[in-house]
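Step one of this worksheet: look at the structure below.
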Amino acid sequence: MVKINMNDLDKFFVKSELIPAICYEVNTKTVLMLAYMNKESLKKTLETGYTWFWSRSRQEYWNKGATSGHVQRVVSIYGDCDNDTLLVNVEQTGAACHTGSYSCFFNEIYDSSDAGDGVPENK
């Protein structure tokens with residue numbers, strides 16, 4: 001159930017016409033991807049129950065999974081405290097990443113378990 005009046009969506013687009021949308025899989029508890037929504041793609045998402053985004057590179061709307069079948073069914077959406085980021089809780093079908101990976105976040109750049117005791121070496 002949509003819990004906001006469609007006429008009140010402007011508050012999410014005061015700072016920019018695009019808002020980051022973090023997609024989180026509710027069953028696997030995995031951050032899947034970050035994409036951008038404009039007001040119209042947010043409306044489409046709320047109306048259809050499936051994620052719609054604005055492609056900055058192609059300058060067009062895209063419905064996640066429309067060609068691959070790897071759709072994201074929206075479970076809930078939360079705005080952050082500043083109304084400038086969305087958390088989109090979804091149930092993901094198949095891979096979320098265009099590379100075929102389940103999540104777009106697979107390039108690890110830091111792991112504290114590899115960091116030793118945390119004391120810098122004197123060189």
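For segment 65-118, the C-alpha radius of gyration divided by 2.2 N^0.38 Å, with N the number of residues, is 1.58. Using the average count of surrounding beta-carbon atoms within 10 Å as a protection proxy, the listed peptides 70-80, 56-66 rank, highest first, as 70-80, 56-66.
Length gained on full extension, S16 to V2: 2.8 nm, using 0.36 nm per residue less the C-alpha separation. Quick one: net charge around T45, please, counting Lys, Arg +1 and Asp, Glu -1 for every other residue with C-beta under 12 Å from its C-beta. Here the charged neighbours net out to +3. Of the residues C104, I4, L87, the one whose Cα sits farthest towards the positive end of the charge dipole of the chain is I4 (charges of +1 on Lys and Arg Cβ, -1 on Asp and Glu Cβ, taken about the Cα centre).
Rounded, prolate or oblate: which fits the chain, taking a ≥ b ≥ c as square roots of the Cα gyration tensor eigenvalues, rounded meaning a/c under 1.5, else prolate when a/b beats b/c?
prolate
What shape does segment 54-96 have by the C-alpha gyration tensor, where a ≥ b ≥ c are the square roots of the eigenvalues, rounded means a/c under 1.5, and otherwise prolate means a/b greater than b/c and oblate the rest?
Taking the square roots of the gyration eigenvalues as a ≥ b ≥ c, segment 54-96 is oblate.
Charging the Cβ of each Asp and Glu at -1 and of each Lys and Arg at +1, and nothing else, the dipole of the chain about its Cα centre rounds to 520 debye.
Computed from the coordinates by the stated procedures, all read-outs in this text should not be read as laboratory data. It should be emphasised that the depicted structure is a prediction, and the values quoted were computed from it without experimental measurement. Methodologically, a virtual Cβ is constructed for each residue, glycine included, from the backbone with ideal geometry; neighbour enumeration extends over all protein chains shown.
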